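See below for the structure under consideration.
The values are calculated or read from the model by the stated rules, or taken from the named source; none is laboratory data. This is a predicted model, so every value here is computed, not measured. Note: ideal-geometry Cβ built from the backbone for every residue, glycine included; neighbour counts use all protein chains shown.
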Amino acid sequence: MAAAAEALKQSPLARVKEEFGGKDKLVDKIVGVLDSGEESKDELRKRLLGVSNTKLIRLFSVASQTKQAGGHDKLATVTAEKLNRTKDKDYVTKLGEFSNGRLLDMLHAAERRNGASAAAKADGSKPPVARAARVAKPAAAKPAAKAAKPEKSEKAKKSAAAVKSARAKAKGKKR
């Protein structure tokens with residue numbers, strides 16, 4: 001945890017140099033992990049060299065986590081399992097259309113949510129439950145009379161008069 005907090009304090013350039021030894025080496029690792037599709041590895045490498053260090057770090061993280069999960073399709077099914085939606089085939093196919101980054105974010109959110117409810121069960125307390133909508137209260141009776149406005153100070157009166165006269169002069173010049 002301390003290493004992660006310390007890594008956040010560094011600039012993206014410092015993180016790339018420290019963790020990967022430079023941008024070239026990070027791009028080479030990303031090219032090795034990513035499926036380039038129809039694009040050649042050299043073209044992909046050339047494009048990635050122009051990308052910011054922050055995006056490269058995120059891209060490498062997502063690509064390596066996807067590879068650990070067993071690929072895009074496996075990641076989609078694992079995400080559906082964590083969301084307790086494995087029987088909903090349409091939902092699983094919709095998850096298959098999402099990007100790897102979005103699937104990983106959904107997976108981590110579901111794990112945190114399930115971890116929080118599991119921790120609450122271990123404590124013996126009930127997990128948080130969504131509250132029902134509130135019933136509208138009857139309108140309160142209107143106050144009998146409005147309170148009188150306080151008197152303006154002399155300075156405020158003069159200022160208001162000056163503003164009025166300036167507006168009148170401006171209006172007269174426009175005509």
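Data overview
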quantity	calculated
Flag if residue 78 is assigned by TED's automatic domain parsing to the domain that holds residue 116, under 23 Å from the mean Cα position of the chain (by Cα) and either part of a helix (DSSP H, G or I) or in contact (Cβ under 8 Å) with a residue 24 or more places away in the chain (or both)	yes
Test for residue 95: is it within 16 Å of residue 66 (Cβ to Cβ), in contact with a Lys or Arg (Cβ under 7 Å, 6 or more places away or on another chain) and surrounded by 13 or more Cβ atoms within 10 Å (Cβ to Cβ)	no
Residue list for the stretch 16-36, restricted to those being out of contact with any Leu (no Cβ under 9 Å at 6 or more places or on another chain) and over 11 Å from residue 63 (Cβ atoms)	17, 18, 21, 22, 25, 28
Every residue from the stretch 77-86 that is modelled with pLDDT of 90 or more and either more than 19 Å from residue 112 (Cβ to Cβ) or in contact with a Lys or Arg (Cβ under 7 Å, 6 or more places away or on another chain) (or both)	77
